[in-house]
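The values are calculated or read from the model by the stated rules, or taken from the named source; none is laboratory data. Keep in mind it's a predicted model, so treat the numbers as computed, not measured. Using ideal geometry, Cβ is built from the backbone for each residue, glycine included, and neighbour counts are taken over all protein chains shown. Note: accessible area is taken over every heavy atom of the protein model, side chains too, but ligands, DNA and RNA are not part of it. Shrake-Rupley method; radii C 1.70, N 1.55, O 1.52, S 1.80 Å.
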Amino acid sequence: MQIGFIGTGVMGAAIAKNLMAAGYALTVYNRTKSKTDELVANGATWAETPAAVAAKSDVVFTMVGFPADVEQVYFGDNGIFSKLQPGKAVIDMTTSQPKLAVKIAEYATKNGFHALDAPVSGGDIGAKNATLTIMVGGETATYQAMQPLFKVIGHQVNHFGAAGTGQHAKMANQIMIAGTMTGLTEMLLYTKAAGLDPQKVLTTLSSGGADNWSMDNYVPRILKGDYTPGFFARHFLKDLRIALSEADAMGLDLVATAQAKRLYEVMVDVKGLGDQGTQGLINSYK
Ligand code: NAP
(Lines give C-alpha, C1' and ligand atoms only; values in the text may rest on other atoms or scores of the structure.)
Protein backbone atom coordinates (compact mmCIF):
# COMPACT_ATOMS: atom_id res chain seq x y z
CA MET A 1 0.00 0.00 0.00
CA GLN A 2 1.34 3.45 -0.98
CA ILE A 3 0.86 6.10 1.68
CA GLY A 4 0.99 9.85 1.07
CA PHE A 5 1.72 12.24 3.93
CA ILE A 6 1.22 16.02 3.69
CA GLY A 7 2.25 18.25 6.62
CA THR A 8 5.34 17.01 8.40
CA GLY A 9 5.52 19.40 11.35
CA VAL A 10 5.65 18.47 15.05
CA MET A 11 2.85 15.89 14.77
CA GLY A 12 3.00 14.85 11.12
CA ALA A 13 6.72 14.02 11.06
CA ALA A 14 6.41 11.75 14.09
CA ILE A 15 3.29 10.00 12.75
CA ALA A 16 4.89 9.53 9.32
CA LYS A 17 8.01 8.09 10.97
CA ASN A 18 5.90 5.48 12.79
CA LEU A 19 4.13 4.50 9.56
CA MET A 20 7.52 4.02 7.87
CA ALA A 21 8.82 2.01 10.82
CA ALA A 22 5.82 -0.31 10.33
CA GLY A 23 6.98 -0.96 6.76
CA TYR A 24 4.72 1.36 4.72
CA ALA A 25 6.17 3.18 1.69
CA LEU A 26 5.65 6.94 2.06
CA THR A 27 5.51 9.86 -0.37
CA VAL A 28 5.77 13.15 1.52
CA TYR A 29 5.16 16.87 0.97
CA ASN A 30 5.43 19.85 3.30
CA ARG A 31 5.32 23.60 2.63
CA THR A 32 8.81 23.97 4.10
CA LYS A 33 10.70 21.19 2.34
CA SER A 34 13.44 20.85 4.96
CA LYS A 35 10.91 19.43 7.43
CA THR A 36 10.78 16.28 5.29
CA ASP A 37 14.59 15.84 5.20
CA GLU A 38 14.77 13.28 8.00
CA LEU A 39 11.90 11.23 6.52
CA VAL A 40 13.51 11.28 3.06
CA ALA A 41 16.86 10.27 4.59
CA ASN A 42 15.02 7.28 6.07
CA GLY A 43 13.53 6.21 2.73
CA ALA A 44 10.46 8.40 2.08
CA THR A 45 10.01 9.89 -1.42
CA TRP A 46 9.59 13.67 -1.78
CA ALA A 47 6.86 14.97 -4.12
CA GLU A 48 6.68 18.59 -5.35
CA THR A 49 2.96 19.22 -4.67
CA PRO A 50 -0.04 17.70 -2.81
CA ALA A 51 -1.32 16.64 -6.27
CA ALA A 52 1.91 14.73 -6.93
CA VAL A 53 1.54 12.95 -3.58
CA ALA A 54 -2.08 12.07 -4.38
CA ALA A 55 -1.22 10.69 -7.84
CA LYS A 56 1.07 8.07 -6.26
CA SER A 57 -0.95 7.12 -3.16
CA ASP A 58 -3.66 4.69 -2.09
CA VAL A 59 -4.21 6.65 1.14
CA VAL A 60 -3.25 10.29 1.73
CA PHE A 61 -2.88 11.61 5.29
CA THR A 62 -2.94 15.35 5.93
CA MET A 63 -1.69 16.98 9.15
CA VAL A 64 -1.43 20.71 8.41
CA GLY A 65 -2.09 23.69 10.70
CA PHE A 66 -5.32 25.62 10.13
CA PRO A 67 -8.59 25.09 8.22
CA ALA A 68 -7.30 27.44 5.46
CA ASP A 69 -4.31 25.09 5.02
CA VAL A 70 -6.65 22.10 4.77
CA GLU A 71 -8.71 23.92 2.09
CA GLN A 72 -5.54 24.64 0.14
CA VAL A 73 -4.07 21.14 0.22
CA TYR A 74 -7.38 19.50 -0.83
CA PHE A 75 -9.05 22.03 -3.14
CA GLY A 76 -6.25 24.45 -4.16
CA ASP A 77 -4.17 24.56 -7.34
CA ASN A 78 -2.15 21.35 -7.36
CA GLY A 79 -4.31 20.11 -4.49
CA ILE A 80 -4.95 16.48 -3.59
CA PHE A 81 -8.32 16.33 -5.35
CA SER A 82 -6.83 17.42 -8.68
CA LYS A 83 -4.92 14.12 -9.01
CA LEU A 84 -6.39 11.54 -6.60
CA GLN A 85 -7.51 8.36 -8.38
CA PRO A 86 -11.03 6.96 -7.91
CA GLY A 87 -11.29 4.41 -5.10
CA LYS A 88 -8.45 6.00 -3.09
CA ALA A 89 -8.81 7.49 0.41
CA VAL A 90 -7.91 10.67 2.28
CA ILE A 91 -7.59 11.05 6.06
CA ASP A 92 -7.41 14.57 7.52
CA MET A 93 -5.81 14.52 10.97
CA THR A 94 -5.57 18.31 11.26
CA THR A 95 -7.75 19.77 14.02
CA SER A 96 -10.18 21.65 11.78
CA GLN A 97 -13.80 22.68 11.31
CA PRO A 98 -16.52 19.99 11.25
CA LYS A 99 -18.14 21.75 8.27
CA LEU A 100 -14.90 21.54 6.29
CA ALA A 101 -14.72 17.79 7.02
CA VAL A 102 -18.27 17.50 5.63
CA LYS A 103 -17.27 19.50 2.51
CA ILE A 104 -14.29 17.19 1.90
CA ALA A 105 -16.40 14.06 2.42
CA GLU A 106 -19.16 15.29 0.10
CA TYR A 107 -16.65 16.12 -2.63
CA ALA A 108 -14.98 12.73 -2.12
CA THR A 109 -18.25 10.81 -2.39
CA LYS A 110 -19.25 12.68 -5.57
CA ASN A 111 -15.91 11.84 -7.19
CA GLY A 112 -15.51 8.20 -6.13
CA PHE A 113 -12.99 8.80 -3.30
CA HIS A 114 -13.23 7.92 0.40
CA ALA A 115 -12.66 10.45 3.20
CA LEU A 116 -12.30 10.41 6.97
CA ASP A 117 -11.76 13.22 9.46
CA ALA A 118 -9.43 11.81 12.13
CA PRO A 119 -8.06 14.47 14.49
CA VAL A 120 -5.89 13.27 17.33
CA SER A 121 -5.09 13.88 20.98
CA GLY A 122 -2.00 12.89 22.95
CA GLY A 123 0.39 15.66 21.96
CA ASP A 124 3.89 15.53 20.56
CA ILE A 125 4.69 12.69 22.98
CA GLY A 126 1.70 10.62 21.84
CA ALA A 127 2.69 11.15 18.20
CA LYS A 128 6.28 10.01 18.87
CA ASN A 129 5.28 7.02 21.01
CA ALA A 130 2.39 5.97 18.71
CA THR A 131 -0.04 6.31 21.60
CA LEU A 132 -2.41 8.84 20.05
CA THR A 133 -6.13 8.91 20.68
CA ILE A 134 -7.82 9.15 17.27
CA MET A 135 -11.35 10.53 16.83
CA VAL A 136 -12.86 9.50 13.52
CA GLY A 137 -15.81 10.67 11.43
CA GLY A 138 -16.89 9.33 8.04
CA GLU A 139 -18.03 6.16 6.27
CA THR A 140 -17.93 3.04 8.49
CA ALA A 141 -16.45 0.84 5.74
CA THR A 142 -13.54 3.28 5.23
CA TYR A 143 -13.01 3.51 9.00
CA GLN A 144 -12.78 -0.26 9.15
CA ALA A 145 -10.47 -0.48 6.14
CA MET A 146 -8.07 2.04 7.74
CA GLN A 147 -7.82 0.22 11.11
CA PRO A 148 -4.40 -1.32 10.38
CA LEU A 149 -2.98 2.18 9.76
CA PHE A 150 -4.62 3.71 12.82
CA LYS A 151 -3.28 0.88 14.99
CA VAL A 152 0.29 1.77 13.94
CA ILE A 153 -0.01 5.37 15.19
CA GLY A 154 -2.50 5.29 18.04
CA HIS A 155 -3.76 3.15 20.89
CA GLN A 156 -7.34 4.40 21.19
CA VAL A 157 -9.37 4.80 17.99
CA ASN A 158 -13.07 5.65 18.07
CA HIS A 159 -15.57 6.19 15.29
CA PHE A 160 -18.26 8.75 16.12
CA GLY A 161 -20.43 8.62 12.98
CA ALA A 162 -20.74 10.62 9.78
CA ALA A 163 -18.18 13.09 8.39
CA GLY A 164 -17.43 15.93 10.83
CA THR A 165 -18.14 13.93 13.99
CA GLY A 166 -14.43 13.22 14.52
CA GLN A 167 -13.84 16.98 14.56
CA HIS A 168 -16.77 17.47 16.96
CA ALA A 169 -15.23 14.88 19.32
CA LYS A 170 -11.92 16.75 19.10
CA MET A 171 -13.73 19.99 20.02
CA ALA A 172 -15.12 18.22 23.10
CA ASN A 173 -11.52 17.28 23.90
CA GLN A 174 -10.32 20.89 23.49
CA ILE A 175 -13.12 22.23 25.72
CA MET A 176 -11.84 19.85 28.42
CA ILE A 177 -8.22 20.91 27.80
CA ALA A 178 -9.21 24.59 28.16
CA GLY A 179 -10.08 23.74 31.76
CA THR A 180 -6.93 21.76 32.50
CA MET A 181 -4.59 24.39 30.95
CA THR A 182 -6.13 27.34 32.80
CA GLY A 183 -6.31 25.20 35.93
CA LEU A 184 -2.65 24.18 35.93
CA THR A 185 -1.56 27.78 35.18
CA GLU A 186 -3.51 29.31 38.07
CA MET A 187 -2.56 26.38 40.36
CA LEU A 188 1.12 27.24 39.77
CA LEU A 189 0.58 30.98 40.33
CA TYR A 190 -1.21 30.23 43.60
CA THR A 191 1.44 27.70 44.67
CA LYS A 192 4.18 30.29 44.11
CA ALA A 193 2.30 33.09 45.91
CA ALA A 194 1.69 30.80 48.90
CA GLY A 195 5.39 29.97 49.08
CA LEU A 196 4.93 26.23 48.48
CA ASP A 197 7.44 23.96 46.73
CA PRO A 198 5.88 23.54 43.23
CA GLN A 199 7.53 20.15 42.61
CA LYS A 200 6.11 18.84 45.89
CA VAL A 201 2.67 20.23 45.03
CA LEU A 202 2.85 18.57 41.58
CA THR A 203 3.80 15.20 43.08
CA THR A 204 0.96 15.51 45.60
CA LEU A 205 -1.71 16.59 43.10
CA SER A 206 -0.66 13.84 40.67
CA SER A 207 -1.69 11.19 43.14
CA GLY A 208 -5.06 12.73 44.01
CA GLY A 209 -8.32 13.86 42.47
CA ALA A 210 -6.70 16.83 40.65
CA ASP A 211 -4.53 14.60 38.47
CA ASN A 212 -4.76 15.21 34.71
CA TRP A 213 -2.70 14.75 31.52
CA SER A 214 -2.01 18.47 30.97
CA MET A 215 -0.65 18.93 34.48
CA ASP A 216 1.51 15.78 34.31
CA ASN A 217 2.99 16.70 30.91
CA TYR A 218 3.21 20.50 30.99
CA VAL A 219 3.97 21.49 34.60
CA PRO A 220 7.41 19.76 34.52
CA ARG A 221 8.17 21.74 31.32
CA ILE A 222 7.10 25.03 32.97
CA LEU A 223 9.21 24.29 36.06
CA LYS A 224 12.23 23.89 33.74
CA GLY A 225 11.36 27.15 31.90
CA ASP A 226 10.68 25.11 28.73
CA TYR A 227 8.04 26.81 26.59
CA THR A 228 8.89 25.08 23.30
CA PRO A 229 5.91 23.50 21.49
CA GLY A 230 4.57 20.66 22.05
CA PHE A 231 1.33 22.12 21.00
CA PHE A 232 1.53 25.65 19.55
CA ALA A 233 -0.59 28.18 21.49
CA ARG A 234 -1.73 29.66 18.13
CA HIS A 235 -3.18 26.25 17.22
CA PHE A 236 -4.99 25.94 20.55
CA LEU A 237 -6.51 29.40 20.08
CA LYS A 238 -7.70 28.23 16.62
CA ASP A 239 -9.34 25.21 18.29
CA LEU A 240 -11.06 27.31 20.97
CA ARG A 241 -12.44 29.62 18.27
CA ILE A 242 -13.81 26.64 16.31
CA ALA A 243 -15.30 25.07 19.45
CA LEU A 244 -17.00 28.31 20.53
CA SER A 245 -18.33 28.95 17.03
CA GLU A 246 -19.80 25.42 16.92
CA ALA A 247 -21.23 25.84 20.45
CA ASP A 248 -22.80 29.15 19.43
CA ALA A 249 -24.44 27.47 16.44
CA MET A 250 -25.92 24.90 18.86
CA GLY A 251 -27.26 27.66 21.16
CA LEU A 252 -24.70 26.92 23.92
CA ASP A 253 -22.98 29.61 25.98
CA LEU A 254 -19.73 28.03 27.20
CA VAL A 255 -18.60 30.78 29.57
CA ALA A 256 -15.49 29.07 30.98
CA THR A 257 -14.23 28.09 27.51
CA ALA A 258 -14.88 31.65 26.31
CA GLN A 259 -12.76 32.95 29.19
CA ALA A 260 -9.97 30.49 28.29
CA LYS A 261 -10.13 31.78 24.70
CA ARG A 262 -9.73 35.38 25.97
CA LEU A 263 -6.68 34.35 28.03
CA TYR A 264 -5.09 32.66 24.99
CA GLU A 265 -5.92 35.76 22.90
CA VAL A 266 -3.86 37.81 25.35
CA MET A 267 -1.00 35.31 25.04
CA VAL A 268 -1.13 34.97 21.23
CA ASP A 269 -2.57 38.23 19.84
CA VAL A 270 -1.50 40.77 22.50
CA LYS A 271 1.80 39.34 23.78
CA GLY A 272 2.83 37.68 20.50
CA LEU A 273 3.62 34.33 22.13
CA GLY A 274 1.70 32.11 19.69
CA ASP A 275 4.80 30.12 18.75
CA GLN A 276 5.26 29.00 22.35
CA GLY A 277 3.62 25.81 23.52
CA THR A 278 0.26 26.04 25.27
CA GLN A 279 2.08 25.81 28.62
CA GLY A 280 3.35 29.36 27.93
CA LEU A 281 -0.06 30.69 29.03
CA ILE A 282 1.57 31.41 32.39
CA ASN A 283 3.77 34.02 30.64
CA SER A 284 0.77 36.15 29.75
CA TYR A 285 -0.09 36.57 33.46
CA LYS A 286 3.28 38.29 34.05
P1 NAP B 1 3.09 22.25 12.86
O2 NAP B 1 4.36 21.80 13.49
O3 NAP B 1 2.92 23.69 12.50
O4 NAP B 1 2.84 21.33 11.57
C5 NAP B 1 1.99 21.66 10.53
C6 NAP B 1 2.76 21.43 9.25
O7 NAP B 1 1.88 21.59 8.14
C8 NAP B 1 3.90 22.43 9.08
O9 NAP B 1 5.10 21.73 8.83
C10 NAP B 1 3.45 23.25 7.89
O11 NAP B 1 4.46 23.69 7.04
C12 NAP B 1 2.57 22.29 7.14
N13 NAP B 1 1.61 23.01 6.30
C14 NAP B 1 0.74 23.97 6.67
N15 NAP B 1 0.06 24.40 5.61
C16 NAP B 1 0.51 23.69 4.56
C17 NAP B 1 0.19 23.68 3.20
N18 NAP B 1 -0.74 24.50 2.71
N19 NAP B 1 0.86 22.83 2.39
C20 NAP B 1 1.81 22.00 2.90
N21 NAP B 1 2.16 21.97 4.18
C22 NAP B 1 1.51 22.80 5.01
O23 NAP B 1 1.86 21.88 13.81
P24 NAP B 1 1.56 20.52 14.61
O25 NAP B 1 1.84 20.75 16.05
O26 NAP B 1 2.18 19.37 13.92
O27 NAP B 1 -0.02 20.47 14.49
C28 NAP B 1 -0.67 20.07 13.29
C29 NAP B 1 -2.18 20.01 13.54
O30 NAP B 1 -2.43 19.05 14.57
C31 NAP B 1 -2.80 21.31 14.00
O32 NAP B 1 -4.10 21.45 13.46
C33 NAP B 1 -2.88 21.15 15.52
O34 NAP B 1 -3.92 21.92 16.08
C35 NAP B 1 -3.15 19.65 15.63
N36 NAP B 1 -2.71 18.99 16.87
C37 NAP B 1 -1.49 19.27 17.42
C38 NAP B 1 -1.10 18.61 18.59
C39 NAP B 1 0.22 18.91 19.24
O40 NAP B 1 0.38 18.55 20.43
N41 NAP B 1 1.21 19.49 18.55
C42 NAP B 1 -1.93 17.66 19.18
C43 NAP B 1 -3.14 17.35 18.56
C44 NAP B 1 -3.52 18.03 17.41
P45 NAP B 1 5.55 24.80 7.47
O46 NAP B 1 6.64 23.99 8.05
O47 NAP B 1 5.90 25.50 6.21
O48 NAP B 1 4.87 25.71 8.48
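In the range 1-126, inverting the average of 1/r over every pair of distinct C-alpha atoms gives 14.2 Å as the Kirkwood radius. Across the range 260-286, the residues whose backbone nitrogen lies under 13 Å from the label position 7 Å along the beta-carbon direction of F66 are 269, 274-275. Taking the Cα centre of the chain as reference, the dipole from Cβ charges on Lys and Arg (+1) and Asp and Glu (-1) amounts to some 300 debye. For the chain, modelled as a GNM whose springs connect Cα atoms under 10 angstrom apart, the maximal fluctuation among P50, P148, P220 occurs at P148. To the nearest 10 Å², what's L223's accessible area with a 1.4 Å probe? Number for this one is 70 Å². Remark: relative contact order (the chain) = 13 percent; criterion is Cα-Cα distance under 8 angstrom and separation of 6 or more residues. With K and R counted +1 and D and E -1, the other residues having a Cβ less than 10 Å from that of I3 yield a net charge of 0. Report summary: the helix-based calculation at 222 nm, which adds -39500 (n - 2.57) for every DSSP H run with n ≥ 4 and divides by the residues of the chain, gives -15000 deg cm²/dmol. For the range 137-266, which whole-number percentage of the solvent-accessible area (1.4 Å probe, protein heavy atoms only) is attributable to carbon and sulfur atoms? Of the solvent-accessible surface of the range 137-266, carbon and sulfur hold 59 percent. Counting only residues at least eight positions apart within a chain, or on another chain, the lysines with an alpha carbon under 17 Å from that of K56 are K83, K88.
Membrane-span-like helices in the chain (whole DSSP H runs, Cα extent of at least 20 Å along the helix axis, mean Kyte-Doolittle hydropathy of at least -0.5): 165-193, 233-249. Sparsely packed loop sites in the range 1-68 (the trypsin sites (Lys or Arg not before Pro) outside DSSP H, G, I, E and B with at most 11 other Cβ atoms within 10 Å) do not occur.
Using R0 = 22 Å, the C-beta based FRET efficiency linking A162 and A25 works out to 0.10. Restricting to the chain, compute how many DSSP beta bridges are antiparallel as a %, nearest 5. About 15 percent, rounded to the nearest 5. First select every other residue whose beta carbon is under 13 angstrom from the beta carbon of A145; then total the charges, Lys and Arg +1, Asp and Glu -1. Net local charge, A145 excluded: 0. Cα centroid distance between the range 1-15 and the range 36-85, in Å? Cα centres, the range 1-15 to the range 36-85: 9 Å.
In the range 169-285, Cα pairs under 8 Å separated by at least six residues give a relative contact order of 36 percent.
Find the relative contact order for the range 34-123 and round it to a whole percent, using C-alpha pairs within less than 8 Å whose residues are 6+ positions apart. Across the range 34-123, relative contact order equals 27 percent. Taken over the C-alpha atoms, the range 77-226 has Rg and Dmax values of 19.5, 64 angstrom.
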